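Everything on this sheet refers to the single structure shown next.
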2 protein chains.
Amino acid sequence: RALSLRVRAAVVIEKETPENERPETFLRRSDELGSAAASPNLVRARFERMIMAVQDDVCAAIEAEDGEGKFQEDVWSRPGGGGGISRVLQDGGVWEKAGVNVSVVYGMMPPDAYRAAKGGPPSEKPGPVPFFAAGISSVLHPKNPFSPTLHFNYRYFETDAPKDSPGAPREWWFGGGTDLTPAYIFEEDVKHFHQIQKKACDKFDPSFYPRFKKWCDDYFLIKHRGERRGLGGIFFDDLNDYDQEMLLSFVTECAKSVVPAYIPIISRTKDRPFTDQHKAWQQLRRGRYVEFNLVYDRGTTFGLKTGGRIESILVSLPLTARWEYDHQPEEGSEEWKLLDACINPKEWI
Amino acid sequence: RALSLRVRAAVVIEKETPENERPETFLRRSDELGSAAASPNLVRARFERMIMAVQDDVCAAIEAEDGEGKFQEDVWSRPGGGGGISRVLQDGGVWEKAGVNVSVVYGMMPPDAYRAAKGGPPSEKPGPVPFFAAGISSVLHPKNPFSPTLHFNYRYFETDAPKDSPGAPREWWFGGGTDLTPAYIFEEDVKHFHQIQKKACDKFDPSFYPRFKKWCDDYFLIKHRGERRGLGGIFFDDLNDYDQEMLLSFVTECAKSVVPAYIPIISRTKDRPFTDQHKAWQQLRRGRYVEFNLVYDRGTTFGLKTGGRIESILVSLPLTARWEYDHQPEEGSEEWKLLDACINPKEWI
């Protein structure tokens, strides 16, 4: 955990520049990472291709399901290395705000950050450490209060041997997850969603789903309220204690499961009639989403504190949100059932 | 700064209990603070009377100006000492959400917290230190996008000598401020507001207004955006380098200036016709308010992390807020002028 946060902190120091064209790859043939940095067979290159393909697929599925909205694209780069592609659909037919961002950044990690992250003795003085960080991150907020919000994020980090200590170990790890945040529970939909997550996990290790499901319930806790922002899914970080190829296949499988896990739920719910009361409850739950993201979410809080691209980071916030003083849903109501499931996480399958 | 935060952290460890009746005072005749704790002449007792009177006055002025809404009152107490009165008006004729809270808490501060706050050597082992903290805190969000949000907060802290070291120094300090957050600038209104702050300050020290105006501009900065949440006012903390009586009179004057500084602005703006565009811009600025409060405001973030009464803390959030991706007001527009004044603080008088 500490290591990935340090790397992210080091990553986002520089300001981004807008670009007019979308590159094939953000990797360079020759840079601090060495001449093989852009070799198409390296995990970093394959991971970059994967997240760009998933960005295309998710955006295409969203546009098809939405019927009206189109994604607008912002491409940016960093002088030190890498860049990103932010895509946002706003005020569509089905989604009020949908953001799907890809970023690929690399460069030199300050020695202090590396030492602090690795916990090595202060006497060792490594030179700057080359790092690489890439990820896809997305939050999809629909309009209909019966249609759930979806979040997913998959990322890959690498640090190389410092230039002046060629024997130093090379580090890599994966992180990510997919989670569902409805305002109302449709049990078959929540089961469907969790089943797809479990299926993706089970292909690789039977321990993954139960472990990452619990990790997700723990991570998305709004501590000051003692409730989660939604009904969970899977979450993991700093994953490197398995074969690297296996983990690349695993996160690829997870990312490719987003469309089949989510779009059928939207198809079933997007045209359901609703009242002002349903909408107001959705808006209150959106307020909780804002509380989690601004107060606890590590990507968001670190991004804000270290000068990341603000509009890309905060695209996760809903278009609108609401806070009523001391709102308590009536016991036994549909609103109460959702709240109960956020306070006491359930096993859905 | 560190000291007041530590004290606040120590203050809010216990859970509150709802009370049916509002007490005359939250002070007790005989407690850890010594038999004279509730003497009506002590600064703590006079400060408590002042904030309760200001709560009454502000709520009465709001209800009169609002015409429709009424405050609902929640009284709570803490087993360890003290309690609070939360008053909230929701969905009135003029205000969509108005909270005016008073709290008076005291008890024993853990020795570790005291040592960390005072920065003394770890070898000194003081016993638990009696502390006292009282304050009034208020955020008033009107409906009309031409009517500004107001925030004010005045607070007083004391620590007593530890029981086992009667010679140890007794500490006290004042903090607080009043600031204005419009979505549109009416220059005469902003001038009026700042003039009243300056008048309150100038009665006591000519250096106060310029110093506390700048402190306010610095404090309410949304760092990740490089813009303030509004047009400032006055702000100060850890104030104890003046005569205690003088500072009690000063914060009393500031708190009593809230009604004359704010209500005339509401009278002038509350019935102005507005469009959906005006409303959407107000909602975007409300989003900035949420960002500041959840990410940076010390009272809010400390309250959330240390288990304060959540509904009292988060009553500062607006009823509704909005986040649009990459919204940029047109240069020269009224929206742009407000944003410019939030990025480049102005001298209003």
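Any read-out appearing in this document is the output of simple, stated calculations on the displayed coordinates, not a laboratory observation. Keep in mind the model is a prediction, meaning the values are calculated, not measured. Every residue, glycine as well, gets a Cβ built from its backbone with ideal geometry; the counts of neighbours run over all protein chains shown.
Look at the stretch B:322-335: the mean tally of other chain Cβ atoms within 10 Å of its residues' Cβ atoms is 4. With θ taken as phi - 60° and the Karplus curve 6.51 cos²θ - 1.76 cosθ + 1.60 applied, the whole-hertz 3J(HN,Hα) list for the range B:250-265 is 5, 5, 4, 4, 4, 5, 6, 7, 4, 5, x, 6, 10, 4, x, 5 Hz, x standing for glycine and proline.
In nanometers and ordered shortest first, the copy-to-copy spacing of the residue A:91 label point, defined 7 Å from Cα toward Cβ, is 2.6. Both the radius of gyration and Dmax for the range B:192-349 are 17.3, 51 Å, in that order, over alpha-carbon atoms.
Could you quote the convex hull projected area for the range B:190-229, Cα atoms only and averaged over all directions, in nm²?
2.9
According to the Cα-based calculation, Rg over Rh for the range B:165-219 is 1.18, with Rh computed by the Kirkwood formula. Only helical runs count toward this figure. For the protein assembly as shown, summing -39,500 (n - 2.57) over DSSP H runs of n ≥ 4 and dividing by all residues gives -12500 deg cm²/dmol at 222 nm. The Stokes-Einstein estimate for the range B:212-274, based on a Kirkwood radius over Cα pairs and taken at 4 °C with 1.567 mPa s viscosity, is a diffusion coefficient of 91 µm²/s.
Past the 29 Å Cα-Cα mark, which pairs from A:223/B:279; A:70/A:214; A:199/B:305; B:223/B:346? From A:223/B:279; A:70/A:214; A:199/B:305; B:223/B:346, over 29 Å: A:223/B:279; A:70/A:214; A:199/B:305. With N counted as the residues of the protein assembly as shown, its alpha-carbon radius of gyration over 2.2 N^0.38 Å works out to 1.02.
For the range A:168-265, averaging the sequence separation of C-alpha pairs within contact (under 8 Å, six or more residues apart) and dividing by the residue count gives a relative contact order of 43 percent. Protection proxy ranking of A:206-216, B:307-317, by the mean of other Cβ atoms within 10 Å over each peptide's residues and highest first, is B:307-317, A:206-216.
Among residues of chain A, the one whose Cβ lies closest to the rotation axis carrying chain A onto chain B, together with that distance rounded to whole Å, is A:294, 2.
The H on the amide N of residue A:95, modeled in the peptide plane, is under 5 Å from the matching H of A:143, each at least 5 residues off or on a different chain.
Between 0 and 90 degrees, the angle of helix B:334-343 with respect to the longest Cα principal axis of chain B falls at about 30 degrees. Plainly put, the tip 7 Å out from Cα toward Cβ on residue A:127 is 6.1 nm from that tip on each other copy, the closest given first.
Taken as Cα centroids, the range A:133-209 and the range A:237-316 sit 9 Å apart, rounded to the nearest whole angstrom. Counting from the shortest, the label point at residue A:253, 7 Å from Cα toward Cβ, is 7.2 nm from the same position in each remaining copy.
Checking every one of the GluC sites (Glu not before Pro) in the range B:66-113 against DSSP loop status and a limit of 15 other Cβ atoms within 10 Å picks out B:68.
Here, chain B yields an orientationally averaged convex hull projection of 17.8 nm² when only Cα atoms define the hull.
Can you tell me, using C-alpha contacts under 8 Å and at least 6 residues apart, the relative contact order of chain B as a whole percent?
Dividing the mean separation by the residue count of chain B yields 17 percent.
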